[in-house]
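Have a look at the structure below, then the notes.
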């Protein structure tokens, strides 16, 4: 575990308001870590809707398969009601075979008893080591106690309990009007390695008191992740456990918030934007806490033939070890950016390329910018946030991806994670 | 520049025999480095055939474009005669725009004058920093002197002159019968980062005295690279300069070697195998000298639906920063191997997967092997060569890829390369 907080951690941590219908509690169940919490129970009021998006890994974890099944086949929004969310850190319950399935069933059974609901209304997520059996009996007793002590104001504790190699808890909140009522959106997330689309987070949970059907919630997630969680990458590795769940208690209906049953409902517009902003905020925090990260890197590709092509090129740059180590070394090595554009396999014309770092153009028309000034560029490379902008000059495709640099600390963290 | 030789360097360096019709010379032209050679001139007899394969980057270097043009469109074997090869290290002459094209033309002009041949018979390769103009006037005088002093016995010097971050020169040789005559194949290569298919080397040059048409040579290269240079990866980054050229002087014809004009000629069989072995030997040396490498990693995937699918999964494992850092940490973290299988997007059934490290099975049927013994596995992870074998249990597709671990030294080397 890293003990030093990322230098890129946000300095303003929001006060997280309560959300009617959501209670949280955490405990140290001794899954793996010593001296810290490692299990979160969220208890939701009856009628809370749920939606989720998950890793595209062909080898998903047992909890991912559990959640998918409870949401309906393929993650669609059939079913879609939730009363409890159980998250543990320290063990991902991934690649654990039959034992893994038994562990999810046992965890859900314990939670359903603790919360007095059906096991079908229990959602699960696990993060940590892969391939080690998860001893779900450790939740016995613990979840019952948590259900009793759960309270509306434990957001930071919750965000802390789900951390693995994260160096800071990640939360975001927004308040927005739905109809004439004020509704709240709270979210939390954890990174910090094995982060690449799709999904590009390991675990994230978003809660709102807005009265949204699970179909609406699913639609908000689907459109919301594209340029947030799916547009960040730490190391190109995709977790078997990536899970983003959203819960809507609907409790704001009592203060007059309208029930929204269609994603096209015009009253949803401001809410959708706020919801997206919460996802974007959390996703950026994940990038800011990439393992060993010392710099936040924003890659913007414009002038590509299509948006999809721009995304592919941006990801090629953002995942290039040579680009990322150059940034770590504060070296404006734009040649490596050219390399990463070239290897993406997407349409690119070397002689039309322009590249800039933090607004200073270093290359244009396939060669070094005539006005290139090494000292000036070296200076901006010292910034904790580096923007790499590549203009391809071919079309109107544009996209943006967030990543971080690749440092010796990343290697240290990941060369010594299990032991 | 790294000064410590890779611990994975071969202990037996072959004595490189002369090849009639090939003379070599090196010099310190002061391209970038101080106190070392950085330019190689190979002079070949009239009638020497040539073939080549190159980077698939969309932003290739000026020398790659030069060679492609001289070989005929798209690297086919039209044209296909060579009298001189000029290679420089220190500057890749890549992304240098019009200046880059001028530099290749000037270099070729200087070389053609020095060797008394057409510029169309001059082949060029450059390696080093991208995006900096290459001052080809530095070759003026130097190449003429080299042409005069070129001799058949400078193979190790040649291999040294083309190095960048390589920690040892890479050569290989084979002697084989062609008809009743003995023919020789000599090769050299340089790595050591920005290595991923296709091509998976930065620069490699192979010479033989066998009388082969350029079409035969091209065919040998094309089939030879597939499981050699295209099956290694250091960091998933693909150079803009990757070049593999083969030259056949045909001088062995005087000792009775038959002229081979068709790749299907049965007399070519033993030669083709020896040629392939030289490529495989060089490719493995590139992996053994991956930047910061402390362990050679062989990834074998079997039981995939197809060979292509096996290759994709093997590359996903070999390029995973999390797998590579685990190997660096001597940690048998097979969970990360599962992750890398899962993210490859190829058919895989988690519950049929088996994984072993150096012959010790750690996972089978989607869970930890019942006979798993942490101490035993930890012991084999200390080996300088790690074999990761993944059995998918789906079909007969099998493939093999070589890579190395990801260490702090890789980050150090690449965070501080330009400065």
Query raised in the report: Which residue pairs have Cβ atoms closer than 6 Å, lie 6 or more positions apart in sequence or on different chains, and pair a first residue in the stretch B:127-147 that is over 14 Å from residue B:241 (Cα atoms) and more than 14 Å from every other protein chain (Cβ to nearest Cβ) with a second residue that is surrounded by fewer than 18 Cβ atoms within 10 Å (Cβ to Cβ) and modelled with pLDDT of 90 or more?
Result: B:136/B:106
Query raised in the report: residue B:355: more than 12 Å from chain A (Cβ to nearest Cβ) and either at pLDDT 90 or above or more than 28 Å from the chain's Cα centre (by Cα) (or both), yes or no?
Result: no
Report task. Find the residue count for the stretch A:240-258, including only residues that are within 14 Å of chain B (Cβ to nearest Cβ) and either over 11 Å from the mean Cα position of the chain (by Cα) or over 30 Å from residue B:406 (Cβ atoms) (or both). Result -> 2
Report task. Taking the options B:318, B:274, name whichever one is surrounded by fewer than 24 Cβ atoms within 10 Å (Cβ to Cβ) and either within 14 Å of chain A (Cβ to nearest Cβ) or under 27 Å from residue B:170 (Cβ atoms) (or both). Result -> B:274
Requested in this report: Test residue A:364 against the criterion of being more than 7 Å from chain B (Cβ to nearest Cβ), surrounded by fewer than 24 Cβ atoms within 10 Å (Cβ to Cβ) and farther than 18 Å from residue B:100 by Cα, and give yes or no.
Outcome: no
**Report entry** Criterion: in contact with a helix residue (DSSP H, G or I) (Cβ under 9 Å, 6 or more places away or on another chain) and farther than 20 Å from residue A:83 by Cβ - qualifying residue of A:209, A:157, A:140, A:166
**Finding:** A:166
**Report entry** Every pair of residues 6+ apart whose Cβ atoms lie under 9 Å, when the first sits in the stretch A:19-35 and is assigned by TED's automatic domain parsing to the domain that holds residue A:130 and without any contact (Cβ under 8 Å) to a residue 24 or more places away in the chain while the second is crowded, with 21+ Cβ neighbours inside 10 Å and in a loop (DSSP other than H, G, I, E, B)
**Finding:** A:28/A:38
Requested in this report: Please verify whether the stretch B:76-86 includes one or more residues that are in contact with a helix residue (DSSP H, G or I) (Cβ under 8 Å, 6 or more places away or on another chain), modelled with pLDDT of 95 or more, under 25 Å from residue A:342 (Cβ atoms) and away from every other protein chain (no Cβ under 14 Å).
Outcome: yes
Query raised in the report: Is it the case that residue B:210 is at pLDDT 90 or above, assigned to a loop (DSSP other than H, G, I, E, B), touching a strand residue (DSSP E or B) at 6+ places or on another chain (Cβ under 9 Å) and buried (at least 22 other Cβ atoms within 10 Å of the Cβ)?
Result: yes
Requested in this report: Residue by residue through the stretch B:383-399, note down the ones that are surrounded by fewer than 22 Cβ atoms within 10 Å (Cβ to Cβ) and not in a strand (DSSP E or B).
Outcome: B:383, B:384, B:393, B:394, B:395, B:396
Requested in this report: Counting only residues that are in contact (Cβ under 8 Å) with a residue 24 or more places away in the chain and touching a strand residue (DSSP E or B) at 6+ places or on another chain (Cβ under 7 Å), give me the helices (runs of 4 or more DSSP H) lying completely in the stretch B:264-367 with at least 3 of them.
Outcome: B:269-288, B:307-318, B:334-343
Query raised in the report: On the given criteria, is residue A:293 within 18 Å of the chain's Cα centre (by Cα) and surrounded by fewer than 24 Cβ atoms within 10 Å (Cβ to Cβ)?
Result: no
Query raised in the report: In this structure, does residue B:406 turn out to be more than 10 Å from every other protein chain (Cβ to nearest Cβ), within 25 Å of residue B:291 (Cα to Cα) and in contact (Cβ under 8 Å) with a residue 40 or more places away in the chain?
Result: no
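The values are calculated or read from the model by the stated rules, or taken from the named source; none is laboratory data. Bear in mind the structure is a predicted one, so any value in this text is a computation, not a measurement. Don't worry about glycine lacking a Cβ; one is built from the backbone with ideal geometry, like all the others, and counts go over all protein chains shown.
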